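Here the structure is laid out as structure tokens; the discussion comes afterwards.
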Amino acid sequence: MTGRLFHSLRRFITDQRGGVSAMLVLMIIPIVAVLGMATEASSWFLTQRAMQNAADSAAVAAASNTCGELEDCHTKDFTPSFVEEAASVAKSYGFTDGAADTTVGTEKKACPADAAQSCYWVTITRVVPINLVRLVGFNGDADLSGGGRGQTVSSLAIASSKFDPSTFCVLALASGGA
């Protein structure tokens, strides 16, 4: 009887069937954590790219509309100021100032390359909720307005208005060769 028990125990220890199952059980938590981090990071990247597109368009719109908030063109002709123009363009991209933990800021200040020239600086910032990266202990860097934690994602675009009527290029190709 002892020999049979010893033989069964030895066969159980040397049996390798189901060894992968034990490894999978041990590895499932790190695998889910890595997939969660990749999903969350790609979400932040896509949000930042959309914000950058909105900031670029808003900066160009602000530079095209050089009317200041306190200038006559804003109050008399009902022309939107460059701040309102940039906010409107950012809103059309889905980034409304004050909604969904989003901030859209527009300033007119010196250009980085030439301090004598004015540029229009548009900054869009959003606190994006975090979900899956909590599995690895990451808690973000900001609080969400509705409760919970989030990660701050931001973008900056700078544009200047350049108007020089003496330099332009026109290319016209006529089908008749003229």
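The values are calculated or read from the model by the stated rules, or taken from the named source; none is laboratory data. This one's a predicted model, so the numbers in the text were calculated from it and none came from an experiment. Because the Cβ atoms are built from the backbone with ideal geometry, glycine has one as well, and the counts that use them run over all protein chains shown. Only protein heavy atoms, including side chains, enter the accessible area calculation; ligands, DNA and RNA are left aside. Shrake-Rupley method; radii C 1.70, N 1.55, O 1.52, S 1.80 Å.
Quick grid of which residues meet (1) within 28 Å of the chain's Cα centre (by Cα); (2) more than 24 Å from Thr125 (Cβ to Cβ); (3) at pLDDT below 80:
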residue: Met1; (1), (2), (3): no, yes, yes
residue: His7; (1), (2), (3): no, yes, no
residue: Met27; (1), (2), (3): no, yes, no
residue: Leu35; (1), (2), (3): yes, yes, no
residue: Ala50; (1), (2), (3): yes, no, no
residue: Ala58; (1), (2), (3): yes, no, no
remark   = The residue that is farthest from Ser154 (Cα to Cα), considering only those in the range 34-48 that are hydroxyl-bearing (Ser, Thr, Tyr) and in contact (Cβ under 8 Å) with a residue 40 or more places away in the chain, is Thr39
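Filter the range 99-138 down to the residues that are at positive phi and modelled with pLDDT of 90 or more and list them by number.
The one that is at positive phi and modelled with pLDDT of 90 or more: Asp101.
Rundown of residues vs (1) charged (D, E, K, R); (2) closer than 30 Å to Val128 by Cα; (3) in contact with a Lys or Arg (Cβ under 7 Å, 6 or more places away or on another chain), yes/no style:
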| site | (1), (2), (3) |
| --- | --- |
| Leu5 | no, no, no |
| Arg11 | yes, no, no |
| Gln16 | no, no, no |
| Leu24 | no, no, no |
| Met27 | no, yes, no |
| Pro30 | no, yes, no |
| Val34 | no, yes, no |
task = Take the range 53-69 and flag every residue that is touching a residue at least 40 places away in the same chain (Cβ under 8 Å), open to solvent by less than 30 Å² (accessible area, probe 1.4 Å) and in a helix (DSSP H, G or I).
result = Ala54, Ala55, Ala58, Ala59, Ala62, Ala63
inquiry  = Any residue in the range 13-33 that is touching a residue at least 60 places away in the same chain (Cβ under 8 Å) sitting within a Cβ distance under 7 Å of a residue that is open to solvent by less than 90 Å² (accessible area, probe 1.4 Å) and in a helix (DSSP H, G or I)? List the pairs, counting only those 6 or more apart or interchain.
reply    = Ala33/Val136
ask   = Given the conditions (1) assigned to a loop (DSSP other than H, G, I, E, B); (2) among the polar types (S, T, N, Q); (3) at pLDDT 75 or above, which single one is not true for Ser155?
value = (1)
request  = Of all residues in the range 135-152, count the ones that are within 16 Å of the chain's Cα centre (by Cα) and not in a loop (DSSP other than H, G, I, E, B).
outcome  = 4
request  = Go through (1) surrounded by 11 or more Cβ atoms within 10 Å (Cβ to Cβ); (2) at pLDDT 85 or above and name the single condition Gly147 misses.
outcome  = (1)
